[in-house]
1. In region 259-364, which helices (runs of 4 or more DSSP H) lie fully inside it and hold 1 or more residues that are farther than 19 Å from residue 39 by Cα?
2. Quick one: residue 353 ticks every box in (1) open to solvent by 30 Å² or more (accessible area, probe 1.4 Å); (2) under 17 Å from residue 217 (Cβ atoms) bar one, so which box is it?
3. Which one of these is open to solvent by 60 Å² or more (accessible area, probe 1.4 Å) and touching a strand residue (DSSP E or B) at 6+ places or on another chain (Cβ under 9 Å): 334, 300?
4. Can you name the residue in region 124-149 that is among the hydroxyl-bearing types (Ser, Thr, Tyr) and farther than 14 Å from residue 99 by Cα and, of all such residues, is surrounded by the fewest Cβ atoms within 10 Å (Cβ to Cβ)?
5. Residues that are open to solvent by less than 30 Å² (accessible area, probe 1.4 Å): which helices (runs of 4 or more DSSP H) entirely in region 14-70 hold 2 or more of them?
6. Quick one: which residue in 93, 99 is at pLDDT 95 or above, surrounded by 18 or more Cβ atoms within 10 Å (Cβ to Cβ), of a type in the set (A, V, I, L, M, F, W, C) and part of a helix (DSSP H, G or I)?
7. Just to be sure I understand, how many residues within region 179-204 are open to solvent by 90 Å² or more (accessible area, probe 1.4 Å), modelled with pLDDT of 90 or more and acidic (Asp, Glu)?
8. Which of the following residues is more than 20 Å from residue 328 (Cα to Cα), modelled with pLDDT of 80 or more and open to solvent by less than 60 Å² (accessible area, probe 1.4 Å): 233, 268?
Amino acid sequence: MPDPNIIIQSNVDTISVQLDLVQTALHSLTLITRADHLSGLNNWIYETANALTEDELKRHHLVMLGLHYAVLPNRKFADFPAYLRHMGNCDPVSLRDKVIDTYLTIETCDENEQEIPTADPESLLNDLDFFLEYLECRFGSDNVDIETETKAHELLNDPPAMKALIVDHLDYMWERYLKTECERIRPMLEDAVRAFADIDFSGMSRKQAAKYITGKNIDGGLWDLHAKKAEQIIFVPSAHVGPYLGKFYYKNALGVIFGARLPKDAQIQAPDLSRGEITVRLNALADDIRLSILKLLAAEGELRSQDIMDKLGLSQSAASRHLKQLSATGYLSERRCSGAKCYNINAARIEDTLSAVAAFLLNN
């Protein structure tokens, strides 16, 4: 399964900021599988990943990645226990079919230029080699773990065993890790929703509304702001996602998971939210390599990712991890140039961060 990452004409009825503890919980569980590849996430993600045994972590990858589309709900639930009861009542074959149907119909990133082989449910289920080849063509080989997907394929051919594993594992993660954490962060997430409650989005374009709520420019690639199937856009605050975004779909709605924050003109006081957003921004600066990248770009201007790697002696994986965090936090602008990714420093974002720190500490 690929690395999960997660807007129609704006008006007050079609754009909203809502609490969705099930989607944020599942997204946090998925982020645990990325703990070794993404920096800047909330510490709960790294602490939970470290607390899992090797066998538990393998099972977690299998459920949250290999069986990802069986896990994702297609409607909103009141809370995680209600979602777990729903999963326990689901028909196993229907869960299996949801995974296969998604693989056959899901849109993939524009950067993936491989020709996707013709497939149907029978060919995917009956031929492991073809199944793996299909996933690699669909999502890119970097996003497909052969061991995980091989086990997932076995379970897709045994729906009762697949369902039992999913329900047992999610119940275990809820009782052992999620339940207490959800109780802890819920007040902060409710403050984030309340901060946007009185905002009138009717005068904003889709792109403007997305930037106002998330603090980021969202346009193109995996973020189709004009998706025809998205009659509603639901923005859901998370305490764990750090500077990144997540995405999910309900029947006629696109969901965007963003780091819980206050808009600049918020009418409420929520110190935990202000402190949380500042911590995310400062975390990106609190690293010698990331500071070196920013200093290099400030001195030399726009550079390709390969140039940054060569000048600073970075491996591809290290460069990718640091550049992702700096871009997600807004300190770098990113664009495609001659088939490569090019980066430039965003001086305004750095100045804005320093001003935000001063305002928070000095109550300006």
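The values are calculated or read from the model by the stated rules, or taken from the named source; none is laboratory data. This is a predicted model, so every value here is computed, not measured. Cβ sites come from the backbone with ideal geometry, for glycine too, and all protein chains shown count toward neighbours. The area values use the complete protein model at the heavy-atom level, side chains included, leaving out ligands, DNA and RNA. Shrake-Rupley method; radii C 1.70, N 1.55, O 1.52, S 1.80 Å.
1. Qualifying helices (runs of 4 or more DSSP H): 271-285, 288-300, 305-312, 347-362.
2. With respect to (1) open to solvent by 30 Å² or more (accessible area, probe 1.4 Å); (2) under 17 Å from residue 217 (Cβ atoms), residue 353 is out only on (1).
3. Answer to the check: 334.
4. The selected residue is 141.
5. 21-32, 43-51
6. Selected residue: 99, the only one of 93, 99 that is at pLDDT 95 or above, surrounded by 18 or more Cβ atoms within 10 Å (Cβ to Cβ), of a type in the set (A, V, I, L, M, F, W, C) and part of a helix (DSSP H, G or I).
7. Total meeting the criteria: 1.
8. Residue meeting the stated conditions: 233.
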